[in-house]
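Okay, so here's the structure we're looking at.
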Amino acid sequence: MKKVQFKSNLEWAMYCVGRGWQVFPVHSVLDGRCSCGNAECGNKGKHPRTPKGFKDATTDAQQIESWWSKWPEANIGVLTGLESGLIVLDIDPRHEGFTSLNDLIKKHGALPKTYKVETGGGGEHYYFKSPEGGLKCRSSVLDGIDVKADGGYVVGAGSSHYTGGSYVVAEDAEIVEAPEWLVELTKTKKSAFVIPTNSGEQGNKNIPLGERNSTLTSLAGSMHHNGMSEESIRKALLSDNEIRCQEPLDDEEVNRIVNSVIKYDNSTGLKPIINTRIQLTRIGSMLSEPEKEMEYVVDDLLPCSGLSLLCGKPKTGKTTLVRQLALCVAQGTDFLDRSVSKGAVLYFALEEKRSEITKHFRAMGVVGDDDIYIHVSGARYDAFKEVKKVIDEYRPSLVVIDPLFRFVNVKDGNDYNSMTKALDPLIQLARETNSHIICVHHQSKGDRQGTDGILGSTAIFGTVDTALMLKKDNHGGRIISSTQRYGKDLEESVLT
């Protein structure tokens, strides 16, 4: 068989497109490190680079060329399921996958010749046509065997593996129909880890929509607290997701929950576990690392994974402006003449009446089908945990907290240490979830101008990535400016 080889990952991506498969960019691996920049990454070279992950998958050549022009070393994510017309039998040797495969072959006969990829970790991916009507992803069909189908993806040939190997085409054949026994096996429900329900039953669909993420996060946290390994937690949670959720989450989302939980202390769900081993990197190695391009919710103004402040004196229109921002993000329209990355918005309105909020959004032209989700009332004592659960469920691009001091619990907003401790979990939440969090805040009384006039400790300004300052001019107009950690500061401009 002639070896399939290409010089670039873009060519590999287009090779997949030529076979009719939708693709998207996935993080790559260099010297054992994931390009995401997280030294503790638990999914090296396998998680998406784009905001919507496999939902961004496409066969559009222009978009694909744009992605790999931006990230030339990106691994290739291949969408599975009906849209790409394929399912993939994933054999993982770390969990006795080949033993399970041999047992299946003894029972059902050899697998038909089809397109096959050898993974960089010693595993194998067998590609088959998706059955009519589709098929849901199944993890741990048997030990070390997953089936990637609707709502899933695999890392394609040409990609790098964290062990130093590469994904290579082992059988460049046409994909064929999946064996009937494989389809039936994938449909068969089997839980590897079952937690008793309140009714004493096991395996029933007792996790409703709206509680999937929080419940699975809680289960993963319990397993982590009890000392289970990362792989055991991942396997158990994927299985429980399928057995207990009324509508199971995508495997990607479950894996993200596991990656999140294993990095954090169970006492708060937010405090990082401290690695006591100091890791030093020679400056030359750091300089050789590919530069990570900043991604924005609002171009060159509000970065993804960022925390910002919209500050002004009372009655300057702060709430009106932040709601205009929310609508622009939900609709994907420009904000302050800057391009916007469209996505869902969570809005925490902590001091206004529900009727007034409804009236205001209606006057702005909201018709009801925009992805804006609003919480009305005060913040609970455990607000950070509650907000994290909701962000995990809705995966918003933008989170609005209006106002800041109704959300953080501090006795003295002027105390530097108190404000630093109060804001650290908030910026950590932004970094972890990839959402941008913007907080509406008041300006202090008196003549102090600009960021010097921010109410409370200087820790507030020191913590945020972007400080948007709003004020009125002598004619009743509104003037906005910004001071930013990333991007170019916005000079004072009159809002029209």
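We did not get these values from a lab; they are worked out from the coordinates using the rules stated. Not measured: the values here are computed from a predicted model. Positions of Cβ are generated from backbone atoms using ideal geometry, with glycine treated the same way; all protein chains shown enter the neighbour counts.
For the reader, a short list of remarks on this structure follows.
- Listed candidates (1) 57, 24, 22; (2) 43, 35, 18; (3) 44, 25, 22 - label of the one calculated as semi-axes √(5λ) of the Cα gyration tensor in Å: (3)
- Qualifying lysines (Cα of each under 30 Å from Cα of Lys70; at least 8 residues distant if same chain): Lys3, Lys7, Lys44, Lys46, Lys52, Lys55, Lys116, Lys148, Lys263, Lys292, Lys342, Lys488
- When shorter helices are ignored and each DSSP H run of at least 4 residues is given -39500 (n - 2.57), the per-residue value for the chain at 222 nm works out to -9000 deg cm²/dmol.
- Cβ-Cβ distance of Lys107 and Asp447, R₀ of 51 Å, FRET efficiency by 1/(1 + (r/R0)^6): the value works out to about 0.05.
- Fraction of beta bridges assigned by DSSP in the chain that are antiparallel (%, nearest 5): 60 percent
- Segment 1-92: C-alpha gyration tensor shape, a/c 1.5 cut-off, then a/b vs b/c: rounded
- Using the Cβ-Cβ distance between Glu491 and Met294 with R0 set to 22 Å, the FRET efficiency works out to roughly 0.65.
- Angle of helix 318-331 to the longest C-alpha principal axis of the chain, folded into 0 to 90 degrees and rounded to 10: 20°.
- Charge dipole of the chain about the Cα centre (unit charges at C-beta), most positive-ward option of Ile243, Ala349, Ile283: Ala349
- Phi-based couplings in Hz for segment 81-88 (Karplus 6.51, -1.76, 1.60; Gly and Pro marked x): x, 4, 5, 9, x, 8, 10, 10
- Unit charges at the beta carbon, dipole of the chain: most positive-side option, Thr420, Val23, Tyr486: Thr420
- For peptides 142-150, 397-405, sequence by mean Cβ density within 10 Å, most packed first: 397-405, 142-150
- Selection among Ile460, Val322, Ser305 by position relative to the dipole of the chain gives Ile460 as farthest towards the positive end (Cβ unit charges, Cα centre).
- Simple spin-label estimate for His360 and Asp31 gives 5.0 nm between the two label positions (7 Å along the Cα-to-Cβ direction from each Cα).
- Check: segment 80-163 dipole with +1 on Lys, Arg Cβ and -1 on Asp, Glu Cβ, in debye: 200 debye
- Helix axis angle, 416-433 relative to the chain longest principal axis, alpha carbon, degrees: 40 degrees
- Cβ charges +1 (Lys, Arg) and -1 (Asp, Glu), total dipole of the chain, debye: 920 debye
- Cβ crowding within 10 Å averaged over residues, with 301-310, 39-48 ranked highest first: 301-310, 39-48
- Angle of helix 383-394 to the longest C-alpha principal axis of the chain, folded into 0 to 90 degrees and rounded to 10: 50°.
- For segment 31-42, 3J(HN,Hα) per residue [Karplus equation, 6.51 cos²θ - 1.76 cosθ + 1.60, θ = phi - 60°, Hz, x = Gly/Pro]: 6, x, 10, 6, 5, 5, x, 8, 5, 9, 3, x
- Using C-alpha pairs below 8 Å separated by at least 6 residues, the relative contact order for segment 37-98 is 23 percent.
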